[in-house]
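S.K.: Take a look at this one; I'll ask things after.
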Amino acid sequence: MTVPSPATQSAKRVLLLGASGTIGQATARALVARGHDTVCLVRPQPARTPRHSPEALARNLEGTTIRACDVTDKASLERDGFCGEAFDVIVSCLASRTGEKKDAQRIDYEANLNALELAPTAGVSHMVLLSAICVQKPKLAFQKAKLAFEDALKGSGIDYSIVRPTAFFKSLTGLVKRVKAGKPYLVFADGELTACKPISDDDLANFIADCLENDAYHNAILPIGGPGEAITPRAQGEYMFSLLGQPPNIKQVPPGLLLGIANALSLVAKAYPPLKARAEYARIGHYYATESMLLLDPETAKYSADLTPSTGKETLFEHLETLLKTDRTPDA
Ligand SMILES: NC(=O)c1ccc[n+]([C@@H]2O[C@H](COP(=O)([O-])OP(=O)(O)OC[C@H]3O[C@@H](n4cnc5c(N)ncnc54)[C@H](OP(=O)(O)O)[C@@H]3O)[C@@H](O)[C@H]2O)c1
């Protein structure tokens with residue numbers, strides 16, 4: 001069945017997958033602010049958390065049309081998501097919540113593929129995919145699933161914008177509570193092993209929305225970080241203590257500890273499979289403790305802050321200051 005093409009003005013008709021997630025919600029706001037007619041797909045009831053109640057989603061996705069459908073089931077996606085309507089663009093902010101192999105395959109690969117396969121019938125000519133900069137050095141199950149979908153998208157004949165961001169603020173603010181409570185800030189090794197160019201939810205969402213408007217972002221892989229210099233974990237800790245007017249209280253943890261935990265859990269998981277997800281979680285932790293979220297220089301095979309593009313205006317240091325000096329809690 002072919003549906004008629006939507007009106008082609010600069011405002012587009014957008015189908016947003018993963019709309020209830022951190023970046024999905026920010027992207028919905030950015031698309032609405034630019035006047036795009038946005039349909040947000042969320043999981044069918046029951047709500048997983050209070051944040052996912054119909055009231056919370058209606059508030060957080062205001063200005064969009066919200067539809068419940070199961071993105072892992074192609075028939076549901078077609079019937080309850082696309083609804084036989086025409087769209088210009090699919091934006092996918094879908095991501096497995098565990099990173100575990102089966103979940104990653106089902107969400108990061110298969111659910112995205114369901115949407116891609118339904119795209120031509122709906123008249124979609126462009127798909128924007130939220131991926132991750134870490135797929136450039138794939139070691140983890142979710143990175144392999146994301147790369148497999150990136151490949152499918154690149155070969156689909158539909159215009160693609162593959163957005164590969166560096167670290168989000170929420171991934172870097174987990175220790176704020178500890179520091180506020182007077183506990184040491186934990187770093188792996190000396191805290192200088194890795195660096196990233198943190199990007200805020202809204203800056204990333206605006207970049208994603210830019211992909212709809214900027215032809216240079218079509219058929220491109222787009223690594224992207226936030227504004228300013230690359231920051232190490234130690235620099236983040238030192239900055240927080242300086243804001244509190246205290247000497248740095250930084251405790252070093254060997255990153256090998258996480259690998260040891262991952263290996264031990266993998267062994268036990270052979271007899272007790274539910275532990276597989278925990279083992280993968282520890283492997284993910286080890287990866288981020290030892291790999292920078294910066295672009296790899298193809299010539300040196302080393303991470304390069306200079307080569308990592310930047311966008312936006314919100315800095316992690318400003319965000320940390322807000323979290324430390326107000327009652328605001330870091331996003332989970
Ligand atoms: N965290 C970082 O620092 C970082 C850095 C670079 C790139 N990234 C990448 O950014 C992406 C998205 O991040 P995020 O923080 O916005 O993710 P998130 O908050 O976990 O959101 C994931 C989205 O996918 C949906 N989803 C997951 N499993 C589903 C299922 N079984 N059925 C239906 N929907 C499902 C979620 O729905 P529910 O809300 O209903 O669960 C949610 O809408 C990930 O691919 C990640 O790799 C992250």
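S.K.: How many residues are touching a residue at least 12 places away in the same chain (Cβ under 8 Å) and within 30 Å of ILE158 (Cβ to Cβ) if we restrict to the stretch 215-251?
M.R.: Result for the stretch 215-251: 10.
S.K.: Quick one: which of GLY21, GLY81 is in contact (Cβ under 8 Å) with a residue 24 or more places away in the chain and more than 17 Å from PHE207 (Cβ to Cβ)?
M.R.: Testing whether each residue is in contact (Cβ under 8 Å) with a residue 24 or more places away in the chain and more than 17 Å from PHE207 (Cβ to Cβ) leaves just GLY81.
S.K.: Right, next: Tell me, please, whether a residue that is touching an Asp or Glu at 6+ places or on another chain (Cβ under 7 Å) and assigned to a loop (DSSP other than H, G, I, E, B) can be found in the stretch 243-250.
M.R.: Scanning the stretch 243-250, I find at least one residue that is touching an Asp or Glu at 6+ places or on another chain (Cβ under 7 Å) and assigned to a loop (DSSP other than H, G, I, E, B), so the answer is yes.
S.K.: Which condition number in (1) in contact with a strand residue (DSSP E or B) (Cβ under 6 Å, 6 or more places away or on another chain); (2) closer than 17 Å to ILE23 by Cβ is the one that ARG67 fails?
M.R.: (2)
S.K.: Before we move on, is ALA282 surrounded by 15 or more Cβ atoms within 10 Å (Cβ to Cβ) and closer than 28 Å to GLN25 by Cα?
M.R.: yes
S.K.: Go through the stretch 63-96 and count every residue that is under 12 Å from CYS40 (Cα atoms) and surrounded by fewer than 20 Cβ atoms within 10 Å (Cβ to Cβ).
M.R.: Number of matching residues: 6.
S.K.: What's the total number of residues in the stretch 213-227 that are within 12 Å of LEU129 (Cβ to Cβ) and among the small types (Gly, Ala, Ser)?
M.R.: So the count comes out to 1.
S.K.: Quick check: anything in the stretch 77-86 modelled with pLDDT of 95 or more, more than 27 Å from GLY35 (Cα to Cα) and part of a helix (DSSP H, G or I)?
M.R.: For the stretch 77-86, residues modelled with pLDDT of 95 or more, more than 27 Å from GLY35 (Cα to Cα) and part of a helix (DSSP H, G or I): absent.
S.K.: Here's a follow-up. So the check is Cβ under 8 Å with 6+ separation or different chains; which pairs have a first residue in the stretch 51-64 that's within 19 Å of ALA30 (Cβ to Cβ) and a second one that's of a type in the set (A, V, I, L, M, F, W, C) and away from the ligand (no atom under 11 Å from the Cβ)?
M.R.: LEU57/ILE66; ALA58/ILE66; GLU62/VAL32; GLY63/VAL32; THR64/LEU31; THR64/VAL32; THR64/VAL39
S.K.: Can you find a residue that is of a type in the set (S, T, N, Q), near the ligand (Cβ under 9 Å from one of its atoms) and not in a loop (DSSP other than H, G, I, E, B) anywhere in the stretch 43-59?
M.R.: Within the stretch 43-59, none of the residues are of a type in the set (S, T, N, Q), near the ligand (Cβ under 9 Å from one of its atoms) and not in a loop (DSSP other than H, G, I, E, B).
S.K.: Could you tell me whether any residue of the stretch 98-106 is at pLDDT 95 or above and within 19 Å of CYS211 (Cα to Cα)?
M.R.: No, the stretch 98-106 contains no residue that is at pLDDT 95 or above and within 19 Å of CYS211 (Cα to Cα).
S.K.: Same structure again: Only residues that are surrounded by 10 or more Cβ atoms within 10 Å (Cβ to Cβ), touching a residue at least 12 places away in the same chain (Cβ under 8 Å) and in a loop (DSSP other than H, G, I, E, B): list them for the stretch 298-332, please.
M.R.: Scanning the stretch 298-332 gives ALA305, LEU307, THR308, PRO309, THR311, GLY312, LYS313, GLU314, THR315, THR329, PRO330, ASP331.
S.K.: Residues in the stretch 147-163: is at least one within 14 Å of the ligand (Cβ to nearest atom), within 23 Å of GLY99 (Cα to Cα) and among the basic types (Lys, Arg)?
M.R.: There is no residue in the stretch 147-163 that is within 14 Å of the ligand (Cβ to nearest atom), within 23 Å of GLY99 (Cα to Cα) and among the basic types (Lys, Arg).
S.K.: Output the residues belonging to the stretch 60-70 that are assigned to a loop (DSSP other than H, G, I, E, B) and of a type in the set (S, T, N, Q).
M.R.: THR64
S.K.: I've got another one for you. Looking at this structure, is ASP103 surrounded by fewer than 23 Cβ atoms within 10 Å (Cβ to Cβ), closer than 18 Å to GLY18 by Cβ and near the ligand (Cβ under 9 Å from one of its atoms)?
M.R.: When the stated conditions are applied, ASP103 passes them.
S.K.: In addition: Give the stretch 164-189 a look and list any residue that's among the charged types (D, E, K, R), part of a helix (DSSP H, G or I) and more than 14 Å from the ligand (Cβ to nearest atom), or say none.
M.R.: Result: LYS177, ARG178, LYS180.
S.K.: Moving on to the next point. Would you confirm whether any residue within the stretch 1-19 is farther than 27 Å from LEU275 by Cα and near the ligand (Cβ under 9 Å from one of its atoms)?
M.R.: Yes, there is a match, as at least one residue in the stretch 1-19 is farther than 27 Å from LEU275 by Cα and near the ligand (Cβ under 9 Å from one of its atoms).
The values are calculated or read from the model by the stated rules, or taken from the named source; none is laboratory data. Fair warning: this is a prediction, and the values are worked out from it, not measured in the lab. Because the Cβ atoms are built from the backbone with ideal geometry, glycine has one as well, and the counts that use them run over all protein chains shown.
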